[in-house]
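The values are calculated or read from the model by the stated rules, or taken from the named source; none is laboratory data. On a predicted model such as this, the values are computed, not experimentally measured, just so you know. In this analysis, Cβ positions are derived from the backbone assuming ideal geometry, glycine residues included, and neighbour counts consider all displayed protein chains. Protein only, heavy atoms only, side chains kept; ligands, DNA and RNA dropped before computing areas. Shrake-Rupley method; radii C 1.70, N 1.55, O 1.52, S 1.80 Å.
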Amino acid sequence: MSLVVVNTATALLAANLSKEGRQVLFSPVDLFSGISAGDFADLGYFPADATIAPTSNITRTPVTAQNREGGAPVTLANPVTEIEVTYEIPVLTPDDLIRDLHGGTPATAITTGPLAGTKVSPFNPGASLLGRMIVISKRGNSNIVRVAWHPRAFLQSNGFGDSQDNDTALFTVSLQAFDYTPGTELSAYDAQITQYGALFSVPREKLSALLDILAEEALPA
């Protein structure tokens, strides 16, 4: 049979050029001051040159056997033995709530005495917050919105950076494998939702409905 290229008419169109805009929402599993159980925090704006996308480090360990003909062993399989998926997220406009998340541990409010209205949290380098995360990606010339859904992710401070002479709050997000039973609206698509979540391509007019559904997914017990 002859070679068939199915997207010849669109593959080279200049109209395909577009920068994606992203929004990241995070919902802590444990109670966090300022975020009610099940609610999400918006991380805010990112620098114009930031790329908010997951990086995957996959480790494979080959299974080898003796070569019956002699010589080097033969590889029978090359299974994945370790998966690490991370996001690096620089936040250009962290509000007070995001700055609290950047601290890495829930803050305790002081309600009485001369320090009433103050919040105090442990200085704990390496501390991270476990939660649910949604990454929304939009292209100006497309009606389709991509939504990455991660049922569990560790949000961790990675210090501060600089963008256009402004401080940025740097986060590292590491995804955690998590098995759960999808709710009614997504139960038929359980096979498409892995331990690390799912990627939805949704028409813009259906985005709000999808986010409402995801807000009820993988809630902490």
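Quick notes
- Here the 3J(HN,Hα) profile of segment 154-159, calculated from phi with Karplus coefficients 6.51, -1.76 and 1.60 at θ = phi - 60°, is 8, 9, 9, 5, 10, x Hz, Gly and Pro shown as x.
- Eligible lysines near Lys138 by straight Cα distance, threshold 25 Å, same-chain separation 8 or greater: Lys19, Lys206
- Based on protein heavy atoms only, the chain ends up with 62 Å² per residue of surface accessible to a 1.4 Å probe.
- Rounded to the nearest 20 debye, the dipole size of segment 80-178 about its Cα centre is 460 debye, using +1 on the Cβ of Lys and Arg and -1 on the Cβ of Asp and Glu.
- Net charge dipole size for segment 1-130 [Lys, Arg +1 and Asp, Glu -1 on Cβ; Debye, nearest 20]: 260 debye
- Ranked by the mean number of other Cβ atoms within 10 Å of their residues, highest first, the peptides 145-151, 15-21 fall in the order 145-151, 15-21.
- For segment 127-221, the share of accessible area belonging to carbon and sulfur comes to 49 percent (1.4 Å probe, ligands and nucleic acids excluded).
- If R0 equals 45 Å, the separation of the Cβ atoms of Glu88 and Leu3 corresponds to a calculated FRET efficiency of about 0.70.
- The three principal axes of the Cα atoms in segment 1-123 give end-to-end lengths of 82, 49, 25 Å, sorted in falling order.
- Cα pair distances of the chain binned at 5 Å [whole percent]: 1, 6, 11, 14, 15, 14, 12, 9, 7, 5, 3, 2, 1, 0, 0, 0, 0
- Once the Cα-Cα distance is subtracted from the 0.36 nm per residue extended length, the Leu17 to Arg204 segment shows a gain of 65.4 nm.
- Dipole of the chain, positive end: most advanced residue of Leu3, Pro28, Ser163 [Cβ charges, Cα centre]: Leu3
- Across the options Ala37, Leu115, Leu101, the greatest Cα extent toward the positive end of the charge dipole of segment 34-157 (unit charges at beta carbon of Lys, Arg, Asp, Glu) belongs to Ala37.
- Charge dipole of the chain (Cα centre as origin; +1 on each Lys and Arg Cβ, -1 on each Asp and Glu Cβ, all else neutral): 480 debye, rounded to the nearest 20.
- If you plug the beta carbon distance of Leu31 and Thr55 into 1/(1 + (r/R0)^6) with R0 = 35 Å, you get a FRET efficiency near 0.70.
- ³J(HN,Hα) computed for each position of segment 129-140 - Karplus, 6.51 cos²θ - 1.76 cosθ + 1.60, integer Hz, glycine/proline x: 10, 8, x, 9, 9, 10, 10, 9, 10, 10, 10, x
- Under-5 Å amide H pairs with Ala41, H placed in peptide plane, nonlocal only: Phe26, Ser27
- Using a cutoff of 8 angstrom between alpha carbon atoms and counting only pairs six or more residues apart, the relative contact order for the chain works out to 20 percent.
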